[in-house]
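Report on the structure given below.
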């Protein structure tokens with residue numbers, strides 16, 4: 001199934017990660033994160049990191065595909081706010 005960009009944007013926050021996330025890279029740490037103030041307010045103080053990786057995801061329509069996924073992470077809170085950035 002071929003998805004257009006508008007459909008991907010709608011599904012970007014409503015998906016399920018299947019299996020492990022591979023090729024994990026750190027994008028930003030601490031003050032380099034633009035939404036750091038919001039993360040601290042919702043989840044608490046700590047050393048926040050923004051990461052990206054590749055994962056197999058299940059979309060709301062039931063289809064599965066490989067995607068580049070971004071998220072925020074702190075050691076005491078764990079992974080939060082996953083987003084699909086690109087369908088591969």
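A count restricted to the range 9-48 and to residues that are in contact with a helix residue (DSSP H, G or I) (Cβ under 8 Å, 6 or more places away or on another chain) and closer than 15 Å to residue 81 by Cα stands at 3. Taking residues in the range 20-40 that are at positive phi and without any contact (Cβ under 8 Å) to a residue 60 or more places away in the chain, and partners anywhere that are outside any helix (DSSP H, G or I) and surrounded by 11 or more Cβ atoms within 10 Å (Cβ to Cβ), the pairs with Cβ atoms closer than 7 Å and at least 6 places apart or on different chains are 23/53; 23/54; 30/48.
Each reported figure results from applying straightforward, stated rules to the coordinates on display, with no laboratory input. The structure displayed is predicted, hence computed values, not measured ones. Cβ sites come from the backbone with ideal geometry, for glycine too, and all protein chains shown count toward neighbours.
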